[in-house]
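J.: Attaching a single structure in structure tokens format; questions to follow.
The values are calculated or read from the model by the stated rules, or taken from the named source; none is laboratory data. None of the values given here were measured: they were computed from a predicted structure. Every residue, glycine among them, receives a Cβ derived from its backbone with ideal geometry; neighbour counts consider all protein chains shown.
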């Protein structure tokens, strides 16, 4: 039985955990949703398909390059699809896939929690800061 | 009526949007949840309070400094509280507040979506990459 020091065991546990976080679907999903442009495009498409120019106007602040990259990444993720209408010029609409629609539902749930509770978080922070200032360090 | 160029209007819209994202509760919440240590500590506390040493063993990979910072930030957010039991030495347990418990429920919902659907996202990516390679640039 190999003898390992506490430091070695700690190092191994840390490496296993890093690997867990790297592959954890939830962490990958949260990373995806934290991309504000991705979330915003998904929510914008929730009420119907959009052409590139329409999205560009409805998601101000995203540069053309950023919007193009975001659309490509969301298409690659299977969250949106490009519907091509043969015409001159060709018309391309971006619209949610069923998977994208399901993710928008999840975003709505997250959104609901945030709007119901983030004010409580802000209040808690203000109270914590107010408690800390006069008293100094507490127990522990 | 002041005359503004398209570039000025675009700049103003971008600034307004940046401000919206900065103050948007959902984006602030997602930023909070993307902190993997915060999420992991919350989930660990879901099945009961823990002492510092217990958390330290159950959340391997977090350095002492990181764990201490995470606990303080979560307490400041009103998501966990320190229950102090008078004893020698003083016993301190970290446990979820009702707000923290509610956030853990949201995390479970996110977790559920991720485990049900992230494999579809991976499959979509692989298919997208396979389609792109032989064909080259598509329409649009």
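J.: Looking at A:61, A:78 in this structure, which one is at the interface with chain B (Cβ under 8 Å from one of its Cβ atoms), modelled with pLDDT under 95, surrounded by 17 or more Cβ atoms within 10 Å (Cβ to Cβ) and not in a helix (DSSP H, G or I)?
T.: The match here is A:61.
J.: Would you confirm, using the coordinates I've provided, whether residue B:91 is within 10 Å of another protein chain (Cβ to nearest Cβ) and either in contact (Cβ under 8 Å) with a residue 60 or more places away in the chain or surrounded by fewer than 15 Cβ atoms within 10 Å (Cβ to Cβ) (or both)?
T.: yes
J.: If you don't mind, there's one more thing I want to ask. Can you find a residue in the range B:28-37 that is in a helix (DSSP H, G or I), loosely packed, with under 12 Cβ neighbours inside 10 Å and at pLDDT 80 or above?
T.: No, there is no match, as no residue in the range B:28-37 is in a helix (DSSP H, G or I), loosely packed, with under 12 Cβ neighbours inside 10 Å and at pLDDT 80 or above.
J.: Next up: Limited to the range B:94-122, what total is found for residues that are without any contact (Cβ under 8 Å) to a residue 60 or more places away in the chain and more than 7 Å from chain A (Cβ to nearest Cβ)?
T.: 13
J.: Pairs needed: first member in the range B:50-65, farther than 16 Å from residue A:19 by Cα; second member anywhere, surrounded by 19 or more Cβ atoms within 10 Å (Cβ to Cβ) and at pLDDT below 90; C-beta distance under 8 Å; at least 6 residues apart or different chains.
T.: Matching pairs, first to second residue: B:56/B:62.
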